[in-house]
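The values are calculated or read from the model by the stated rules, or taken from the named source; none is laboratory data. Please read these numbers as outputs of a predicted model, since none were measured by experiment. Note that we place each Cβ from the backbone using ideal geometry, even for glycine, and neighbour counts take in every protein chain shown.
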Number of protein chains: 2
Amino acid sequence: MAARRRAKTVASKASSSNKALRLHGSIARDLGTRIVSGRYRSGHVLAGEVEASERLHVSRTAYREAVRILAAKGLVQSRPRTGTRVSSPEQWHLLDPDVLGWAFSGDPEPEVLHGLFELRSIIEPAAAALAAVRRSQTHLDVMRRALDDMILHTLNSEEGRIADKRFHGALLRATCNPFIISLTNGVTSAVHALTEFKMRGAALKRDPSPDHVRVYDAIAAKDAKRARAAMEELIRLAIMDTPMKERPKYSAKSRFLPELEE
Amino acid sequence: MAARRRAKTVASKASSSNKALRLHGSIARDLGTRIVSGRYRSGHVLAGEVEASERLHVSRTAYREAVRILAAKGLVQSRPRTGTRVSSPEQWHLLDPDVLGWAFSGDPEPEVLHGLFELRSIIEPAAAALAAVRRSQTHLDVMRRALDDMILHTLNSEEGRIADKRFHGALLRATCNPFIISLTNGVTSAVHALTEFKMRGAALKRDPSPDHVRVYDAIAAKDAKRARAAMEELIRLAIMDTPMKERPKYSAKSRFLPELEE
DNA sequence: ATCGGCCTACTTCTCAGACAAATTCGGACG
DNA sequence: CGTCCGAATTTGTCTGAGAAGTAGGCCGAT
């Protein structure tokens, strides 16, 4: 008994860096990270439940619940007799906040970075245009406060980044489109993580608050066209502020893209 | 023992209409459907594991795995002492294929329908433009074959709808952006379900294949601008072909939108 | 009287071991 | 040579027992 308890504690420490995650949660995170980072390739068959749970010094129950989580996020698929195998990347729910977080836990690859920005530059300008039309006064107030906090603290502090997140969140909620809101829940948290990533090098050179103010003004004026343009500019500048090793050229070959079978 | 086995079979039949879902899968689906359909309101606390599993005549294990799935999709959150409670709608992963499917299992509300089309009309034209630039010959071939099948079978048959799905899927894969691909995995299956929904009334009046051909031609010609315009038109027409009771006016009040707290 | 820290009860979490169900693979048989 | 059936293997489900975490009340101190 005592030996097993100790083992469990060790496993928990080794696997999860911290947080209030339960055992199954940490296991899911570990496996998930290994999958999205490419250490377990698509098609790879995980060890059987008995062996895997023994190796991790946890019960089959805990391990199974972890696998259920991964399956719910499209990362694996399990069937009797064949076992649990890593799904093809095109089936991964990449916009799931957890998956996104796992993908950004190491060094995000330039390809992923660029893909995310590309998605943002599609969604957010359109969202800004919608928000300009549909925003209520309450939405506007929330954005205003977030903007003030952001200007006050700047993106170099954690509080400033949270304010930035609040701003984008409120903007997207103002679209009144549940899908856009849900979509951007994931994206904003990734951007949050990303901003931290930007900071790993040096402090931010450019102050992005003027861009945000322009977006805010346009939405306050209910000017959809201007809101869209301002947001396009904001994201264009944000991309330029992000240190990317190289601009990835899009090709059909990528860990994240499926094979095209004839 | 025998009594319990029988009970389990009954529960399985009663809960899941069919499919190769396991027990935990059907339970997750039932609970999930109840949540997204509003029968369990946000904040509602589910019965404890013991009571719930007894009521469903299943083991706690199965019930717990179901809850784990729902938690992975952001529908619920469970903690010791307080129990498992339905999360706020803004935390739901609405673009998860399962959640989307559950949302469309009953009568999809006009608001949801419109929200989905709005998202499509943002994403897909942009995707078409990207695809026009980045598509490989292989992408093009796949799209061509899907298009031919679609024209052959028409959307009135299941095969035709699958071909339509293949077409949109190939188009989105041609963007070479993993996030867009992942995003639209969900959306296309929802559209698939939706097309079936359209058919519940009468057969489709308009033949949408010319629209698809125009999109294809533009992508074949690598003409991004024309591809975007053609796709915009395609979706505009698809919206008009969808019977919606009323055009929902966007307001801050909706089951799917969070309260704006001051 | 209000604030802070313990304590308790309640719920989920984890464990262990057993049996059931599903599916693949290979071999027997027509 | 094809078809079917059985066996082996893997996940799926069940049971029952503790362990761990947490909200809310209790109590004491300031």
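Data for the structure
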| item | result |
| --- | --- |
| Unmet criterion (only one of (1) modelled with pLDDT under 95; (2) at the interface with another protein chain (Cβ under 9 Å from one of its Cβ atoms); (3) out of contact with any Ser or Thr (no Cβ under 9 Å at 6 or more places or on another chain)) for B:Glu111 | (3) |
| Which numbered condition A:His93 misses (of (1) under 19 Å from A:Ile239 (Cα atoms); (2) free of Cβ contacts under 8 Å to residues at least 24 places away in the same chain) | (1) |
| Pair list, Cβ under 8 Å, 6 or more apart: the stretch B:55-69 residue away from DNA strand C (no atom under 11 Å from the Cβ), other residue of a type in the set (D, E, K, R) and in a helix (DSSP H, G or I) | B:His57/B:Arg4; B:His57/B:Lys8; B:Val58/B:Lys8; B:Ile69/A:Arg68 |
| Evaluation of B:Leu94 against (1) outside any helix (DSSP H, G or I); (2) more than 12 Å from chain A (Cβ to nearest Cβ); (3) over 27 Å from B:Leu204 (Cα atoms) (one fails), failing number | (2) |
| Qualifying residue in the stretch B:170-191 (condition: surrounded by fewer than 23 Cβ atoms within 10 Å (Cβ to Cβ) and assigned to a loop (DSSP other than H, G, I, E, B)) | no |
| Failed item in (1) at pLDDT 95 or above; (2) closer than 15 Å to A:Gly186 by Cα, with A:Trp102 passing the rest | (1) |
| Residue within the stretch B:95-109 that is in contact with a strand residue (DSSP E or B) (Cβ under 7 Å, 6 or more places away or on another chain) and surrounded by fewer than 23 Cβ atoms within 10 Å (Cβ to Cβ) present | no |
| The stretch B:65-86, residues that are more than 9 Å from DNA strand D (Cβ to nearest atom) and over 24 Å from the mean Cα position of the chain (by Cα) | B:Ser78, B:Gly83, B:Thr84 |
| Residues that are within 11 Å of DNA strand D (Cβ to nearest atom) and assigned to a helix (DSSP H, G or I), drawn from the stretch B:50-64 | B:Val50, B:Ser53, B:Glu54, B:Leu56, B:Arg60, B:Thr61, B:Ala62, B:Tyr63, B:Arg64 |
| Extreme residue, farthest from B:His93 (Cα to Cα), among residues of the stretch A:26-84 that are crowded, with 20+ Cβ neighbours inside 10 Å and charged (D, E, K, R) | A:Arg64 |
| The stretch A:118-138, residues that are among the β-branched types (Val, Ile, Thr) and facing another protein chain (nearest Cβ under 8 Å) | A:Ile122, A:Ile123, A:Thr138 |
| Every pair of residues 6+ apart whose Cβ atoms lie under 6 Å, when the first sits in the stretch A:165-190 and is without any contact (Cβ under 8 Å) to a residue 60 or more places away in the chain while the second is among the polar types (S, T, N, Q) | A:Lys165/A:Thr188; A:His168/A:Thr188; A:Gly169/A:Thr188; A:Leu172/A:Thr184 |
| Meets criteria (of a type in the set (Gly, Ala, Ser), within 25 Å of the chain's Cα centre (by Cα) and under 30 Å from B:Arg228 (Cβ atoms)) for A:Ala127 | yes |
| Residue tally, condition in contact with a strand residue (DSSP E or B) (Cβ under 9 Å, 6 or more places away or on another chain) and either assigned to a loop (DSSP other than H, G, I, E, B) or hydroxyl-bearing (Ser, Thr, Tyr) (or both), over the stretch A:71-91 | 5 |
| Search result, residues across the stretch B:23-34 that are within 17 Å of B:Gln77 (Cβ to Cβ) and away from DNA strand C (no atom under 15 Å from the Cβ) | B:Gly32, B:Arg34 |
| Where A:Asp141 falls short, out of the listed (1) more than 14 Å from chain B (Cβ to nearest Cβ); (2) modelled with pLDDT of 90 or more; (3) over 21 Å from A:Ala229 (Cα atoms) | (1) |
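Each row is one residue, and each column tells you yes or no for (1) assigned by TED's automatic domain parsing to the domain that holds A:Ile180; (2) hydroxyl-bearing (Ser, Thr, Tyr); (3) at negative phi; (4) touching a residue at least 40 places away in the same chain (Cβ under 8 Å).
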site	(1), (2), (3), (4)
A:Gly101	no, no, yes, yes
A:Leu119	yes, no, yes, yes
A:Ile122	yes, no, yes, no
A:Pro125	yes, no, yes, yes
A:Ala129	yes, no, yes, yes
A:Arg135	yes, no, yes, yes
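Results for (1) loosely packed, with under 13 Cβ neighbours inside 10 Å; (2) modelled with pLDDT of 95 or more, shown as yes or no for each residue.
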site: A:Lys225; (1), (2): yes, yes
site: A:Arg228; (1), (2): no, yes
site: A:Glu232; (1), (2): no, yes
site: A:Ile239; (1), (2): no, no
site: A:Ser251; (1), (2): yes, no
site: A:Arg255; (1), (2): no, no
